[in-house]
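Questions regarding the structure given below will be posed in turn.
The values are calculated or read from the model by the stated rules, or taken from the named source; none is laboratory data. As the structure is a computational prediction, the values presented were derived from the model and not from experiment. Here Cβ is always computed from backbone atoms with ideal geometry, including for glycine, and neighbour counts include all displayed protein chains. Keep in mind that these areas ignore ligands, DNA and RNA; they rest on the heavy atoms of the full protein, side chains included. Shrake-Rupley method; radii C 1.70, N 1.55, O 1.52, S 1.80 Å.
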Amino acid sequence: MLSPSFSISTKELWNAMATPNAPQLVDVRRRDVFEPSPQLLPGAVWRDASQTDAWSAEFGRSRPIVIACKAGHEMSQMAVAQLRADGVDASVLTGGYEAWGNAGLPLVAKAELDRLTPKRPGIWVTRRRAKIDRVACPWLISRFLDPQARFLFVDPPEVIPVAEKAGGVPFDIKDVELSHEGERCSFDTMLKLFGLEGEPTLARLALIVRGADTARPDIAAEAAGLHAVALGMSALAETARRIAPSLA
């Protein structure tokens, strides 16, 4: 069912970004504007506004699509009109990139994302048996960096070889760029590298993740709760692994 609204405000989009029903975000800025731009809306993928028939099927229909251009004028209006004519639930980001920037909302450092994973969706590789940091990082990647990313969880010694073989990005393991820095977690490192560290909500979440992942519940009241949840999930997963062979 199409939303009755043809547009969505920057505040509405930001509030919806981390929810289960988060809209799929498509950047339709002209190529000559997009390519030299140093920043990208969180979770946005670029597509040609005049070619909606060629790419609309890439996006699932369970969540709405938000279209963003430089200022919310002809590029996004044209794409949304075409999508809605085809029965796709799409909306224009009111004011586009200009309004987003004026609202002080976070933008991803596009150059860093392009450097690490120039072809998206990308492959991101880390250690298996994820608990805290290795749950938080994939959430951050899929919501703000690479929404169609594929995650591979392997034995620790195989993370770097698998990433090299698959052309992926290794993370949360020693001796890679996206890992712990002193007392800061891989989640912190990603926020800093991709220009998201200054956003207050994400900064608060990073503190909770750090406290839970490094056994420092004193730095955030919620850290102990997150740590307990992670231990419970890990115990359930281990129980399932032990039971599974007996059910075969």
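Given the residues Ala109, Ala68, Ala130, which is the only one that is at pLDDT below 95 and within 19 Å of the chain's Cα centre (by Cα)?
Answer to the selection: Ala130.
Could you figure out which of (1) under 17 Å from the mean Cα position of the chain (by Cα); (2) within 21 Å of Pro121 (Cβ to Cβ) isn't true of Asn15?
It fails just one condition, (2).
Got at least one residue in segment 116-132 being in a helix (DSSP H, G or I) and either in contact with a His (Cβ under 9 Å, 6 or more places away or on another chain) or open to solvent by less than 30 Å² (accessible area, probe 1.4 Å) (or both)?
no
Scan segment 199-234 residue by residue and report those that are open to solvent by 50 Å² or more (accessible area, probe 1.4 Å) and touching a Gly at 6+ places or on another chain (Cβ under 6 Å).
Of all residues in segment 199-234, those open to solvent by 50 Å² or more (accessible area, probe 1.4 Å) come to 200-201, 204-205, 213, 215-218, 221-222, 224, 226-229, 231, 233.
Answer for segment 199-234, where residues must be open to solvent by 50 Å² or more (accessible area, probe 1.4 Å) and touching a Gly at 6+ places or on another chain (Cβ under 6 Å): just Pro217.
Next question, about the same structure. With the condition kept exactly as written, say whether any residue in segment 84-103 is modelled with pLDDT under 95, touching a helix residue (DSSP H, G or I) at 6+ places or on another chain (Cβ under 9 Å), closer than 17 Å to Leu40 by Cβ and not acidic (Asp, Glu).
Looking for residues that are modelled with pLDDT under 95, touching a helix residue (DSSP H, G or I) at 6+ places or on another chain (Cβ under 9 Å), closer than 17 Å to Leu40 by Cβ and not acidic (Asp, Glu), one finds none in segment 84-103, hence no.
Mind listing whichever residues of segment 181-198 are in contact (Cβ under 8 Å) with a residue 40 or more places away in the chain and open to solvent by 20 Å² or more (accessible area, probe 1.4 Å)?
Those that are in contact (Cβ under 8 Å) with a residue 40 or more places away in the chain and open to solvent by 20 Å² or more (accessible area, probe 1.4 Å): Leu193, Gly195, Gly198.
When the residues of segment 141-177 are narrowed to those that are of a type in the set (A, V, I, L, M, F, W, C) and in contact (Cβ under 8 Å) with a residue 60 or more places away in the chain, which ends up surrounded by the fewest Cβ atoms within 10 Å (Cβ to Cβ)?
Here the answer is Phe144.
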